[in-house]
Amino acid sequence: MAVNKPQSEGARLDNFWMPFTANRQYKTTPRLLAKAEGMYYTDVEGNSVLDSTAGLWCCNAGHSRDQITDAVSKQIKELDYAPTFQMGHPLPFELAERLAELAPADLNRVFFTNSGSESADTALKIALAYQRARGHANRTMFIGREQGYHGTGFGGISVGGMVNNRKAFNSQLLPSVAHLPHTLDIERNAFSKGLPDHGVERAEVLEQLIALHGAENIAAVMIEPMSGSGGVILPPKGYLKRLREITAKHDILLIFDEVITGFGRLGDAFASQRWDVTPDIMTTAKALTNGAIPMGAVMVSDRIYDACMNAAPEDTIELFHGYTYSGHPVAAAAALATLDIYRDENLFERARQLETEWEEALHSLDNLPNVIDVRNTGLIAGIQFAPSSEGIGKRGYDIFTRCFYDGVLVRASGDIIAMSPPLIMESKHIDQMVSTLERAIKQAI
Ligand code: PLP
């Protein structure tokens with residue numbers, strides 16, 4: 001049985017159709033957050049809730065940072081909105097330059113979006129446009145991965161591999177997509193610390209898919225370097241490097257979806273740097289603005305940008321794609337202030353320094369009842385439970401609600417609890433997260 005506690009009445013809850021939520025269940029026992037600061041939320045009843053998820057993997061610098069608030073309010077007064085279609089304003093140019101400095105290798109060209117989903121679809125469209133621009137117009141197929149999550153646009157759900165996100169919306173989706181197997185292998189890798197030892201051979205399936213479909217028909221392979229929403233699924237040692245080798249050999253683009261791994265989550269700016277594998281295109285969002293204002297960015301290699309430029313006369317639009325809010329001034333101001341905080345407070349390095357303590361603390365849960373795996377990398381952890389007799393996901397949800405009413409926000413994805421705390425976390429917060437989880441796990445169904 002889930003532990004539920006009614007919260008005070010506020011606005012009527014009927015009208016908001018909530019995303020990725022069991023609306024009827026939630027609305028009988030809502031959990032309403034009212035404020036946030038640093039590592040903590042406060043709910044509408046005044047209870048403090050420690051945030052072990054950085055919101056939804058986005059508030060890497062902790063909540064309600066004055067520097068971001070000030071930048072946003074100053075910007076909204078000065079220039080609330082300006083278009084970026086055949087027009088411009090300085091901030092997205094400045095931000096693109098800052099992002100190019102952070103990005104690996106020659107991923108110097110930045111296309112702005114408003115979310116991770118838009119970043120995913122933008123990356124797929126740029127891959128197609130690039131292939132056409134360089135005379136490979138038949139390269140229209142994509143290869144994604146089981147359990148992959150690239151947001152909820154039609155492109156993202158097609159290349160993504162989460163069944164529930166696809167099946168209600170017609171399985172046809174993008175016409176031509178194949179999927180690699182996921183890399184979760186609890187039998188061989190349970191309770192691994194850092195990247196798992198086993199599973200590099202799953203990258204070889206890419207060779208089989210290429211042999212089956214023909215390299216000349218494939219535009220790009222798109223994966224998350226580390227799958228978050230699919231349940232914290234880590235890349236086995238050597239796996240990403242092998243995917244890079246195979247894609248390079250067959251002249252196929254490699255797209256990393258770094259929407260959750262970006263901006264310090266793994267102790268480097270991007271997973272690409274942490275694991276020393278450079279993709280051709282990288283998608284980001286979330287922690288780009290510390291979650292404060294919606295914004296995403298797709299970073300693209302010079303080679304891809306140049307090919308698209310060179311395929312069109314100088315006075316024509318090279319890419320018929322964009323959003324009213326691409327490079328929105330207020331979002332760009334939030335992002336610039338966020339990047340300043342990451343730099344000035346050395347937050348990426350801080351994540352790296354906390355990693356061992358985080359790992360040790362989480363693995364103290366290894367032997368608790370029903371725990372079948374604890375896995376971690378950077379400041380991420382996944383704790384997987386055997387499903388209860390009440391059904392798949394019931395135990396995960398029960399633990400999530402127990403933790404919440406005991407003062408810690410965790411995220412349940414089926415029977416997996418995912419954690420991704422703000423990078424400003426201190427030892428006392430790790431202690432609170434782990435002891436709260438321990439209580440919840442011992443009492444859970
Ligand atoms: N890509 C990845 C890897 C994600 O984890 C997410 C969201 O969790 C998205 C894309 C979608 O981002 P958004 O919800 O901002 O559209």
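The values are calculated or read from the model by the stated rules, or taken from the named source; none is laboratory data. Everything numeric in this text was worked out from a predicted model, so none of it was measured. Reconstructed Cβ throughout: ideal geometry from the backbone, glycine too, with neighbour counts over all protein chains shown.
Structure notes:
- In the range 256-270, the residue that is surrounded by the fewest Cβ atoms within 10 Å (Cβ to Cβ) out of those that are small (Gly, Ala, Ser) and over 11 Å from the mean Cα position of the chain (by Cα) is Gly267.
- Some residue of the range 220-231 being in contact (Cβ under 8 Å) with a residue 60 or more places away in the chain, touching a strand residue (DSSP E or B) at 6+ places or on another chain (Cβ under 9 Å), more than 25 Å from Phe385 (Cβ to Cβ) and surrounded by fewer than 21 Cβ atoms within 10 Å (Cβ to Cβ): no
- Here is the figure for the range 42-97: residues that are surrounded by fewer than 15 Cβ atoms within 10 Å (Cβ to Cβ) and within 16 Å of the ligand (Cβ to nearest atom) total 0.
- Taken over the range 232-242, the criterion of being free of Cβ contacts under 8 Å to residues at least 60 places away in the same chain and within 16 Å of the ligand (Cβ to nearest atom) is satisfied by Pro235, Leu240.
- Residues located in the range 330-344, provided they are farther than 20 Å from Ser272 by Cβ and either exposed (fewer than 15 other Cβ atoms within 10 Å of the Cβ) or of a type in the set (Gly, Ala, Ser) (or both): Ala331, Ala332, Ala333, Ala334, Ala337, Asp344
- Strands (runs of 3 or more DSSP E) completely within the range 363-413 that count 1 or more residues being under 22 Å from the mean Cα position of the chain (by Cα) and acidic (Asp, Glu): 371-377
- Selection within the range 256-298 - within 13 Å of the ligand (Cβ to nearest atom), of a type outside the set (S, T, N, Q) and assigned to a helix (DSSP H, G or I): Ala271, Lys286, Ala287, Leu288
- Among the residues of the range 110-137, those that are closer than 22 Å to Phe263 by Cα and either outside the structural domain of Gly296 (by TED's automatic domain parsing) or of a type in the set (D, E, K, R) (or both) comprise Glu118, Asp121.
- Scope the range 250-269; condition within 14 Å of Gly116 (Cβ to Cβ) and either touching a Gly at 6+ places or on another chain (Cβ under 7 Å) or at pLDDT below 95 (or both); matching residues: Val259, Ile260, Arg265
- Scan of the range 249-264 for residues that are within 19 Å of Ile126 (Cβ to Cβ) and charged (D, E, K, R), ordered by number: Asp251, Asp257, Glu258
- When restricted to residues that are free of Cβ contacts under 8 Å to residues at least 60 places away in the same chain, of a type in the set (Ser, Thr, Tyr) and buried (at least 23 other Cβ atoms within 10 Å of the Cβ), the range 351-392 contains 0.
- Residue list for the range 136-172, restricted to those being within 14 Å of the ligand (Cβ to nearest atom), touching a residue at least 60 places away in the same chain (Cβ under 8 Å) and part of a loop (DSSP other than H, G, I, E, B): Gln147, Gly148, Tyr149, His150, Gly151, Gly161, Met162
- All positions within the range 299-311 that are touching a residue at least 60 places away in the same chain (Cβ under 8 Å), surrounded by fewer than 24 Cβ atoms within 10 Å (Cβ to Cβ) and either of a type outside the set (Val, Ile, Thr) or assigned to a loop (DSSP other than H, G, I, E, B) (or both): Ser301, Asp302, Arg303, Tyr305, Ala307, Cys308, Asn310, Ala311
- In the range 46-66, the residues that are more than 24 Å from the chain's Cα centre (by Cα) and assigned to a helix (DSSP H, G or I): Asp66
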